[in-house]
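Engineer: What follows is a structure written as structure tokens; I'll ask about it next.
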Amino acid sequence: MLHAQVWLRLGRGVRDRRAPARHPTLATIARDGRPQARTVVLRTVDAAGGTLDIHTDIRSAKVAELHAAPFAALHVWDRGAHLQLRLEADATILTGAEVADHWARVPQAARVAYGGSPAPGMPVGDALAYDKTPDPACFAVVRLQVQAMDVLHLGRDHRRARFVRADGWAGTWRAP
Ligand SMILES: Cc1cc2nc3c(=O)[nH]c(=O)nc-3n(C[C@H](O)[C@H](O)[C@H](O)COP(=O)(O)O)c2cc1C
């Protein structure tokens, strides 16, 4: 029930620009071992497979971080549902021909987020001293295979549950 609700809310994030799950926070482990977190857009949800996709520039720090340590956390606070989702996932970076179908669905105006010069995070002499030329070779899909979920429901009573892939998603209640 709660497990289904989580995937329902995540799916809504893909379809509805105003849904809270539209903009989760993606956390990774940086090369120096420190956590890094940033807002992303949830692009695809596969509830049956327990995977989520995010689009990014292949040259961004998060891609290098995920190559070095392919583990991520995704956080959503769904205010309307009084639901906090904390997902733990294994991450795979998909590029080139294997994401050609994703690239084909990225609207023209949105393609400027992938490509351009200099690469994301590089120093620039002035705030706007960069160009944004779309480049499909810079487009990457971060595929998150969810391994575990910590779900906190802040209703009149507080409920917390943990769902684990290795247990076939059997949930266990936890003290909140
Ligand atoms: C509302 C919002 C949505 C964003 N969506 C994405 C996204 O889908 N993919 C992405 O790579 N960066 C996205 N960003 C930018 C990231 O938060 C981040 O600044 C950028 O990806 C660089 O992160 P990195 O250096 O840790 O790789 C978004 C930022 C905001 C504020």
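Engineer: Which of the residues that make up segment 2-53 are farther than 22 Å from residue 162 by Cβ, within 14 Å of the ligand (Cβ to nearest atom) and part of a loop (DSSP other than H, G, I, E, B)?
Structural biologist: Correct list: 17, 18, 19, 23, 30, 31, 32, 34, 40, 41.
Engineer: Working only within segment 93-106, note down all residues that are of a type outside the set (Val, Ile, Thr) and either away from the ligand (no atom under 13 Å from the Cβ) or modelled with pLDDT under 95 (or both). Break it down into steps so the answer makes sense when it comes.
Structural biologist: Taking segment 93-106 first, the residues of a type outside the set (Val, Ile, Thr) are 94, 96-98, 100-105.
Once the filter is applied, which keeps residues that are of a type outside the set (Val, Ile, Thr) and either away from the ligand (no atom under 13 Å from the Cβ) or modelled with pLDDT under 95 (or both), segment 93-106 yields 94, 96, 97, 98, 100, 101, 103, 104, 105.
Engineer: Take segment 1-34 and flag every residue that is under 18 Å from residue 67 (Cα atoms) and under 15 Å from the mean Cα position of the chain (by Cα). Step through it out loud before you land on a result.
Structural biologist: First, pick out the residues of segment 1-34 that are under 18 Å from residue 67 (Cα atoms): 26-34.
26, 27, 28, 29, listed by residue number.
Engineer: Which residues, taken from segment 101-148, are β-branched (Val, Ile, Thr) and either more than 30 Å from residue 48 (Cβ to Cβ) or outside any loop (DSSP other than H, G, I, E, B) (or both)? Before you say what the answer is, go through the steps one by one.
Structural biologist: Of the residues in segment 101-148, the ones β-branched (Val, Ile, Thr) are 106, 112, 124, 133, 141-142, 146.
Selection gives 112, 124, 133, 141, 142, 146.
Engineer: If you go through segment 104-149, how many residues are surrounded by 17 or more Cβ atoms within 10 Å (Cβ to Cβ) and charged (D, E, K, R)?
Structural biologist: 2
Engineer: Shifting gears a bit: Within 12 Å of the ligand (Cβ to nearest atom), in a strand (DSSP E or B) and of a type in the set (Val, Ile, Thr) - does that describe any residue in segment 56-75?
Structural biologist: yes
The values are calculated or read from the model by the stated rules, or taken from the named source; none is laboratory data. All values reported here derive from a predicted model rather than from experimental measurement. Here Cβ is always computed from backbone atoms with ideal geometry, including for glycine, and neighbour counts include all displayed protein chains.
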